Amino acid sequence: MSKTETLYKYPEEIKNEFVKTEDIAFRNGIRVSAAEIWRFMTEEAPIRYPHAFSNSRYYHRRLSGDVHLPSTIKHNYLMLTMTDRITKARESGIPIIFVQGGQSVDPYYAAGGIALRPASTGLWARGRVEGLNLREEELSRMDEREKARRSLSVEICNTAGYETIQEGNLPVDMVAPYLCLRCSDVSYGLEAHRHGKHKVDLFLVDYPLDHQKDKEWAVDYLAKTLQRLTQKIGKLAGKEVTEEALHKEIKLHNEGRKLAIETADVWWSAKVPPTNGADRRDIFQMGGMELHGDPNATLTVLKESNGYVKDRVKYGVKGEGVAEDAKRLFVLGSCVFPNDFRVEEAGGIIVGNDNHWSDITTIVEETGDPYEKLAKAILSYPYEQPIEERAKWTIELLKKSRADGALFLYNWGCNTQSAISRMLCDIIKEETDLPTLIIEHEQRGEQTEQLQNRVNAFIEMLE
Ligand code: SF4
């Protein structure tokens, strides 16, 4: 792609309709109007972040053209303002905590911090360099990742943003992931930070395994660990963390989780998919309340999206670019997604994924000791249960979403998911007769076309 390539532009004719939609209400009390969002997304952002507006069909996160769904523009606004917002928050004394491992972020926010996953940390880091086109941006990202490979190991998947903290010197105050079954990268990364040149506070939320949710001691142990975690973050934030603050945070996050569940049920029940796959994923993921580094802002966009999805289902509106009889794919496993737009060109649509849906759909009890209730919920995440139990939950999701087939995807170096994939797919096939395909993806970016070819062939087979 050259610098002169035409970039995607939101059509001017939707402006009047868009500016009448809801403000985004942020955690710090600031409200941003739809008119300001429109200005940023049509004037400022294309100059600062041209890569995000690339029209390339090979760009897997290209902007959705379903412009009558206001949340798609608002979600992208929140993604593209990540660097400005997080930098400002950090300068005002809010500690930034790096998290990883499919966890709920309620305790991090209750303690006065901002919890960012690898993808969000990466966005924050990359947003500091402006004016790059897609090619330049991808090369710089690969270059950063290569540094992590050299510092950690080539034997692991390296998606964890180690390089952005150590090499990019991003001002992250604490690295505090959960150690859990899904991710073998967590422990490598944490250990490497211990020896890294950039000194950062470390905290590992130890996660007992093997029928953990049925053991009283495991709940008690995790509850105490979460208490230590909030105290440590509270110290950085200069704030005393009360049970009341955690209760309040759990309620807020439960609101998001419940809304996401309701939205998914409506979406899955529709005769035709009411949005394309990229918008669906963004809307469902908002239930995790961690996507944009501001749970309150995310909640306002999720609420608005919920209304639009319901209306579209009621009036039989189909998402932009989706085939009438699209083959429905469900993605299993961690951290790999095919290009939604090219899946749709091939006659398919991705209707869901199991990974973060596991924590999004686990509602935390709102009464009693909040640490204990949170620990109970976290230990019962279906994605982290023994394989047969995880498979039962996955089968329910496949049925609910009316999937025609399941793709199990993971990165090369992902030890846990690679070991689980065969058995999980065998159980699915035995119980449902649905076709499944396992693909190991190589993270460096060279294998994207191969991944897509195999996914498209799978769709052809379903047809
Ligand atoms: S691909 Fe696997 S090892 Fe890598 S970050 Fe994701 S879950 Fe962890």
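The values are calculated or read from the model by the stated rules, or taken from the named source; none is laboratory data. Small disclaimer: the values here were computed from a predicted structure and weren't measured. A quick note on method: Cβ atoms are made from the backbone with ideal geometry, for glycine too, and the neighbour counts reach across all protein chains shown.
The helices (runs of 4 or more DSSP H) found entirely in the stretch 1-106 that carry 2 or more residues being charged (D, E, K, R) are 15-19, 34-39, 82-91.
Among the residues of the stretch 435-455, those that are at pLDDT 90 or above and away from the ligand (no atom under 14 Å from the Cβ) comprise P435, T436, L437, Q452, N453, R454, V455. The requirement of being in contact with a Ser or Thr (Cβ under 7 Å, 6 or more places away or on another chain), surrounded by fewer than 18 Cβ atoms within 10 Å (Cβ to Cβ) and either farther than 22 Å from G288 by Cβ or in contact (Cβ under 8 Å) with a residue 40 or more places away in the chain (or both) is not satisfied by K400.
Filtering E17, E43 for residues that are free of Cβ contacts under 8 Å to residues at least 24 places away in the same chain and either more than 21 Å from the chain's Cα centre (by Cα) or crowded, with 16+ Cβ neighbours inside 10 Å (or both) leaves a single hit, E43. Anything in the stretch 209-219 that is over 16 Å from P107 (Cα atoms) and more than 24 Å from the chain's Cα centre (by Cα)? List them, or say none. Those that are over 16 Å from P107 (Cα atoms) and more than 24 Å from the chain's Cα centre (by Cα): D210, H211, Q212, K213, D214, K215, E216, W217, A218. Residue count for the stretch 105-117 satisfying the condition of being surrounded by fewer than 22 Cβ atoms within 10 Å (Cβ to Cβ) and within 16 Å of the ligand (Cβ to nearest atom): 0.
Which residue is farthest from the chain's Cα centre (by Cα), if the candidates are limited to the stretch 311-359 and must be at pLDDT 95 or above, under 18 Å from D279 (Cβ atoms) and within 16 Å of the ligand (Cβ to nearest atom)? In this case the residue turns out to be V331. Every condition in (1) modelled with pLDDT of 85 or more; (2) farther than 27 Å from Y383 by Cβ; (3) within 23 Å of the chain's Cα centre (by Cα); (4) assigned to a loop (DSSP other than H, G, I, E, B) holds for L139 except the one numbered (4).
The set of residues in the stretch 184-201 being among the hydrophobic types (A, V, I, L, M, F, W, C) and closer than 15 Å to R117 by Cα consists of V186, L190. Taking (1) within 16 Å of the ligand (Cβ to nearest atom); (2) in contact (Cβ under 8 Å) with a residue 24 or more places away in the chain in turn, V364 satisfies each apart from (1).
If we scan the stretch 384-395, do we find a residue that is out of contact with any strand residue (DSSP E or B) (no Cβ under 6 Å at 6 or more places or on another chain), free of Cβ contacts under 8 Å to residues at least 40 places away in the same chain and within 16 Å of the ligand (Cβ to nearest atom)? Within the stretch 384-395 (the criterion being out of contact with any strand residue (DSSP E or B) (no Cβ under 6 Å at 6 or more places or on another chain), free of Cβ contacts under 8 Å to residues at least 40 places away in the same chain and within 16 Å of the ligand (Cβ to nearest atom)), the answer is yes, since at least one residue qualifies. The single residue among R228, R194 that is of a type in the set (K, R), at negative phi and modelled with pLDDT under 95 turns out to be R194. Within the stretch 410-434, residues that are more than 21 Å from L209 (Cα to Cα) and more than 8 Å from the ligand (Cβ to nearest atom) have Cβ atoms under 7 Å from residues that are in a helix (DSSP H, G or I) and acidic (D, E) in these pairs: I427/E388, counting only partners at least 6 apart in sequence or on another chain. Among the helices (runs of 4 or more DSSP H) confined to the stretch 151-249, the ones with at least 1 residues that are touching a Gly at 6+ places or on another chain (Cβ under 7 Å) and under 20 Å from A377 (Cβ atoms) are located at 185-195, 216-237.
Scanning the stretch 264-286 for residues that are in a helix (DSSP H, G or I) and either over 13 Å from H75 (Cβ atoms) or outside the structural domain of H75 (by TED's automatic domain parsing) (or both) yields A264, D265, V266, W267, W268, S269, G277.
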